[in-house]
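Trainee: The structure under discussion is supplied below as structure tokens; questions concerning it will follow.
Every read-out reported here was derived from the displayed coordinates using simple, explicitly stated rules and does not represent laboratory data. On a predicted model such as this, the values are computed, not experimentally measured, just so you know. Reconstructed Cβ throughout: ideal geometry from the backbone, glycine too, with neighbour counts over all protein chains shown.
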Amino acid sequence: MMKTSKKKESTNSGSRDDNPDANRAEESELCPGFQDVDAFVKYGLGAVLSATKASAGLPQAGDEYDFYRSFPGFQEFCESQGDKLLHCMSQIMQHHGCRSHIRDRNKLTGLEERFDLVVDSNDVILERAGILLDEADGVNRTQNPVMPAGFQPPKIVVSSWNRKGSSSGSRSETFRLLHAKNVARPQLKFKEKVDNSNTPFVPKIFIKPNALKPLPSYFSNKQIRKERPEDLDVPAALADFIHQQRTQEHVEDMFAHPYQYELDHLTIPEKLLSKPEPQMYKPMAETKLSFIDSLEELVALNGKLCQLPEFAVDLEHHSYRSFLGITCLMQISTREEDFIIDTLELRGEMHILNEAFTDPTIVKVFHGADSDIEWLQRDFGLYVVNLFDNHQASRALNLARHSLDHLLKNFCNVNSDKRYQLADWRIRPLPEEMIEYARADTHYLLYIYDCMRAQLLESNHGQPGLLQCVWNKSKDVSLKKYVKPIFTEESYLELQRKQKRSFNTQQLTTFRLLYAWRDKLARQEDESTGYVLPTHMMIKISEELPKEPQGIIACCNPVPPLVRQQVNELHLLVQQGREMPLLKAEMAAQKKKGLTTIKKAEVPLFGPHDTSRGSESGHPQLVADEVLVKQGVLFSEEDYKMDVDEQKISSLLAPAKITLFQELETPAGQRSLSVAQTKARSIIESFENPFRMYLPSSGAHVNKNAKFDPSSKIFEISKRWKLQSAEQQQKEMEVKKKSKEEAKQKARKLSEERTKAKQSYQESLRNIASVRQQATNSKDGGRKKARSGCEDGETTPKPSKKLMKSAEKSQKTEPPSEETFKPFDYAQSDLKVFDGSKAKDNTQFDPNRQAQDFRKKQKFPQGQKNNLSSGNRSMSYMKGKSERGFRHNWPKR
Ligand code: AMP
Ligand code: MN
Ligand code: ZN
């Protein structure tokens with residue numbers, strides 16, 4: 001590269017005047033040695049690919065690595081290369097103005113933090129690239145508005161299922177969106193309305209097939225679930241109290257994984273740990289395909305699945321025009337047939353598949369099930385017992401890439417066409433191409449499952465260890481729990497932190513207000529936050545603080561429909577921000593002092609299997625304790641110790657006095673502060689408590705992170721780094737042998753228990769009208785879909801808001817932080833919008849209509865390359881971060 005550019009330089013300098021062509025060529029070069037972006041990208045991708053290949057060729061963590069490590073030459077080589085790499089990364093990070101202490105590599109335990117640094121820097125760099133691409137795209141954008149406002153162009157994402165990967169295909173190929181202009185909102189048809197309220201997710205299950213442990217009464221007893229304080233025939237205050245007391249008994253159940261017990265006691269039968277004979281898939285053309293959109297068909301399918309030893313599953317999802325995201329399609333493949341289920345149509349009935357999905361004797365094969373597991377719970381109350389995740393297998397095999405299209409190529413020699421991955425899956429009727437696409441996603445999975453099991457055994461000299469490990473990893477995936485994005489007063493800080501911009505007080509206040517506005521509106525209107533107001537526009541408005549409403553519009557290109565609609569409201573928020581005294585924001589101040597946050601481990605309420613969803617939407621869920629530490633100790637092995645000053649301070653702190661379910665009473669007068677009071681308050685707020693960063697946790701910035709989540713990538717890596725000694729491994733082998741025998745006995749016992757449980761389940765089924773019976777009934781009743789005789793028309797149990805609040809409190813075990821400004825009090829917001837049809841008087845706007853009007857105004861030539869890119873990115877991806885490395889970038893997972 002250097003050489004070519006030098007050559008050119010010398011020729012040019014000699015002939016500058018007489019050879020205008022050469023001059024032009026030089027001028028038109030993007031950068032030395034590269035004619036244009038394509039050339040540069042091609043070169044870059046080639047380099048990345050060979051690096052990836054090389055790294056895949058390194059000795060594997062574990063035995064292999066340990067062995068190599070015993071050679072001093074290898075050790076030295078690793079050290080020096082490692083240093084070089086870290087230095088290089090450090091420089092890149094510095095160049096982008098990121099924290100870059102990656103090289104202080106004295107201690108191994110710093111790995112998580114370092115990994116975090118890398119992830120953060122990637123976020124920053126990609127975000128920046130996104131914004132620049134956006135700007136470059138700006139001109140096009142105006143003629144290209146169908147993809148609703150404010151998408152950022154796709155960022156190159158390294159993700160397991162980002163199938164085109166970085167090696168092939170152009171952007172437009174990777175992310176082509178088949179977009180219908182006017183897709184009816186499927187939400188309108190949902191019998192049970194979506195619960196966007198700012199309360200934690202409670203499982204939707206109310207009947208538990210294949211139970212070893214019965215479903216807690218909270219779920220099985222309709223009365224408890226439905227009970228609301230207002231139903232009690234006592235004075236309101238007392239009713240609330242009684243309700244809280246009663247619900248309190250169920251808190252633990254409400255947030256547990258309904259199949260935790262069954263999964264904990266799941267043992268993989270011997271047969272599945274021995275070498276399989278791969279069973280070739282049937283050619284797609286010769287395979288029967290059924291499209292399932294009625295209850296009868298679904299019931300029949302469930303019956304069929306229950307007879308099989310295994311089947312493959314995948315989902316398609318939409319996340320742009322919905323707050324939480326919607327599962328639009330389920331694909332199922334058996335060895336003989338393919339099925340496509342219209343989950344928009346059958347949303348309320350999908351739960352009947354639990355009979356097959358939770359049957360421990362039936363293997364469910366997925367590829368990269370992390371999101372699927374959460375979507376199944378969130379939308380259908382479906383759980384998976386006995387999962388095999390091909391993606392996990394691919395990782396265990398250390399294949400060069402783990403995407404489905406790579407596996408397809410590798411095992412089936414099928415070139416997949418992934419153009420529709422990001423299509424708008426709400427479209428009905430589904431175009432032929434999309435059906436074919438969806439079908440191919442599961443059609444080959446069982447064969448790949450066979451092949452990979454065989455290889456896992458082969459690569460481990462016939463020993464089942466590695467295969468067992470994949471089963472365990474898969475089980476961890478199926479133990480994941482869906483966690484709803486929760487808005488807290490500090491959510492915005494998490495997002496702001498990622499922007500790596502320092503805001504002054506006015507800007508930060510505006511950002512906070514916009515963030516709250518966006519969150520509230522997105523929940524109310526059931527739109528993604530990215531649809532309401534994309535983050536980069538929110539930042540632009542906060543930075544510019546436009547004096548006029550028109551200025552807000554000018555910050556957005558194209559203007560999101562809801563921004564246009566509520567521009568006056570937004571203008572008021574900006575004005576409010578501008579009224580802040582102009583001071584250096586506390587964030588900036590903290591940075592200066594060299595402080596950063598370190599997160600403490602898991603949030604107990606949600607257990608270790610949650611991935612938290614930091615993200616664009618950046619809602620931390622429940623607040624984990626945080627400790628602020630000096631950056632200098634980031635990579636230190638020693639636990640952070642308070643210094644004397646801090647100890648003094650913390651001893652000054654009053655101990656937390658929280659009683660469970662005690663409400664934070666806001667004095668009535670406080671609700672309506674006078675202008676002067678507000679100002680005074682904001683001034684006080686703007687003075688940072690100089691000791692704040694030393695305080696243990698109160699008022700610490702909300703932040704939750706999957707870093708300590710055992711299912712997360714980082715955890716896995718750090719585990720791998722903790723090298724095991726050979727003896728240790730030997731010992732483990734012996735223990736394993738013993739426990740294997742025990743396990744056999746246990747398995748026998750379990751299967752007895754299971755038969756018993758099955759019987760009792762059958763009995764319980766007899767009590768309610770059986771699903772099949774319902775199906776027949778409903779056939780007569782003109783396709784009337786009953787969820788279950790007794791459950792029809794029921795709404796999701798909504799935990800009382802107070803209860804949730806106090807549950808949070810009890811978790812945090814920290815004193816309620818000083819009342820700060822509350823942008824929105826959800827208690828006062830009209831929650832009716834969540835539990836049924838929209839309030840009739842809400843004529844303010846119809847987002848759908850808006851979007852259409854908006855589209856009409858602007859031409860969208862058909863077939864034009866659209867920004868689909870940015871399209872359907874769901875907030876639900878955020879969670880994917882643990883799995884996929886890049887946490888906060890879209891399209892991220
Ligand atoms: P898949 O498992 O590959 O079929 O993907 C399932 C769903 O995940 C798709 O329907 C998309 O909604 C979503 N998805 C897949 N890939 C991406 C991506 N790169 N960015 C955002 N969303 C994605
Ligand atoms: Mn999938
Ligand atoms: Zn798929």
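Trainee: Evaluate the distance, in nm, between pseudo-label points positioned 7 Å from the Cα of Gln187 and of Glu336 along their respective Cα→Cβ axes.
Mentor: 4.2
Trainee: What's the Kirkwood radius of the stretch 431-580 in Å, using all Cα pairs?
Mentor: Values: mean 1/r = 0.0518 Å⁻¹.
The answer is 19.3 Å.
Trainee: Kirkwood hydrodynamic radius for the stretch 311-467: how many Å is it when counted over pairs of different Cα atoms?
Mentor: Details: mean 1/r = 0.0615 Å⁻¹.
Evaluated over the stretch 311-467, this radius sits at 16.3 Å.
Trainee: Considering only the other residues whose Cβ falls under 14 Å of the Cβ of Pro549, what net charge follows from Lys and Arg at +1 and Asp and Glu at -1? Each step should come with its number before you reach the end.
Mentor: Numbers: positive: Lys547, Arg564, Arg578; negative: Glu544, Glu548, Glu569.
Computed value for this residue: 0.
Trainee: State whether the stretch 486-563 is rounded, prolate or oblate according to the following rule on the C-alpha gyration tensor (a ≥ b ≥ c being the square roots of its eigenvalues): a/c under 1.5 gives rounded; otherwise a/b larger than b/c gives prolate, and the remaining case gives oblate. Intermediate results must be reported in sequence, preceding the final value.
Mentor: Details: a/c = 1.75, a/b = 1.02, b/c = 1.72.
Note, shape of the stretch 486-563 comes out oblate.
Trainee: Where Lys and Arg each count +1 and Asp and Glu each count -1, what net charge lies around Gln75 among other residues with Cβ under 13 Å from its Cβ? Intermediate results must be reported in sequence, preceding the final value.
Mentor: Working: positive: Arg69; negative: Asp66, Glu76, Glu79, Asp83.
Surrounding charge for Gln75 is -3.
Trainee: Let me ask another. Relative to a virtual label point 7 Å from the Cα of Asn398 in the Cα→beta-carbon direction, which members of the stretch 462-481 show backbone nitrogen distances below 19 Å?
Mentor: The answer is 462-471, 473.
Trainee: Pairs Lys409/Lys481; Lys500/Lys547; Lys213/Lys288; Lys473/Lys738; Lys213/Lys473; Lys213/Lys481: which exceed 30 Å Cα-Cα?
Mentor: Values: Lys409/Lys481 32 Å; Lys500/Lys547 25 Å; Lys213/Lys288 38 Å; Lys473/Lys738 22 Å; Lys213/Lys473 23 Å; Lys213/Lys481 18 Å.
With Cα atoms farther than 30 Å apart: Lys409/Lys481; Lys213/Lys288.
Trainee: Alpha carbon centre of the stretch 51-97 versus the stretch 499-548: separation in Å?
Mentor: 41
Trainee: Identify the trypsin sites (Lys or Arg not before Pro) of the stretch 507-571 meeting these criteria: DSSP loop state and at most 14 other C-beta atoms within 10 Å of the C-beta. Each step should come with its number before you reach the end.
Mentor: On the way: sites: Arg512, Arg518, Lys520, Arg523, Lys540, Lys547, Arg564; in loops: Lys547.
Here the trypsin sites (Lys or Arg not before Pro) that fit, given the DSSP loop and packing criteria, are Lys547.
Trainee: About the Cα centre of the stretch 460-565, what is the dipole size in debye to 20, counting +1 per Lys and Arg Cβ and -1 per Asp and Glu Cβ, all else neutral? Intermediate results must be reported in sequence, preceding the final value.
Mentor: Values: 16 positive and 11 negative charges, 69 e Å.
For the stretch 460-565, the charge dipole is close to 340 debye.
Trainee: Related question: So if I take the centroid of the Cα atoms in the stretch 373-434 and the same for the stretch 266-343, what is the distance between those two points in Å?
Mentor: Taking the Cα centre of each part, the stretch 373-434 and the stretch 266-343 sit 11 Å apart.
Trainee: As a footprinting exposure proxy, order Asp253, Asp405 by other Cβ within 10 Å, with the fewest listed first. All intermediate terms of the calculation are to be shown ahead of the outcome.
Mentor: Numbers: Asp253 15, Asp405 21.
Listed from fewest to most nearby Cβ atoms, that is Asp253, Asp405.
Trainee: Take the alpha carbon gyration tensor of the stretch 204-328, find the square roots of its eigenvalues, order them as a ≥ b ≥ c, and report rounded if a/c is under 1.5; if not, report prolate when a/b exceeds b/c, else oblate. Please report the intermediate quantities before stating the final value.
Mentor: Numbers: a/c = 2.91, a/b = 1.89, b/c = 1.54.
Prolate shape, in that a/c is at least 1.5 and a/b is the bigger ratio.
Trainee: Considering only DSSP beta bridges with both partners in the stretch 251-363, what is the antiparallel share in %, to the nearest 5?
Mentor: Working: 12 of 18 bridges.
Counting only bridges with both partners in the stretch 251-363, antiparallel ones make up about 65 percent.
Trainee: Assuming 0.36 nm per residue, please report the length gained on full extension of the stretch Ala56 to Tyr43 beyond their Cα-Cα distance.
Mentor: Numbers: separation 13, 0.36 × 13 = 4.68 nm, distance 2.00 nm.
Taking 0.36 nm per residue and subtracting the Cα distance, the gain is 2.7 nm.
Trainee: Under a Cβ-Cβ cut-off of 12 Å, what is the net charge of the residues other than Asp36 that fall near it, where Lys and Arg count +1 and Asp and Glu count -1? Let's see the in-between values first.
Mentor: Details: positive: Lys42; negative: Glu29, Asp38.
Summing Lys/Arg as +1 and Asp/Glu as -1 gives -1.
Trainee: Ok, one more. So for the stretch 444-526, what percent of the C-alpha to C-alpha distances run longer than 20 Å?
Mentor: Numbers: 2063 of 3403 pairs.
I get 61 percent for the Cα pairs in the stretch 444-526 exceeding 20 Å.
Trainee: Using r as the Cβ-Cβ distance of Glu742 and Lys288, and R0 as 60 Å, what FRET efficiency do you calculate, to the nearest 0.05? If you can, show how the numbers build up before the last one.
Mentor: Working: r = 44 Å, r/R0 = 0.74.
Calculated transfer efficiency: 0.85.
Trainee: What shape does the stretch 408-455 have by the C-alpha gyration tensor, where a ≥ b ≥ c are the square roots of the eigenvalues, rounded means a/c under 1.5, and otherwise prolate means a/b greater than b/c and oblate the rest?
Mentor: Details: a/c = 3.29, a/b = 2.51, b/c = 1.31.
Verdict is prolate for the stretch 408-455.
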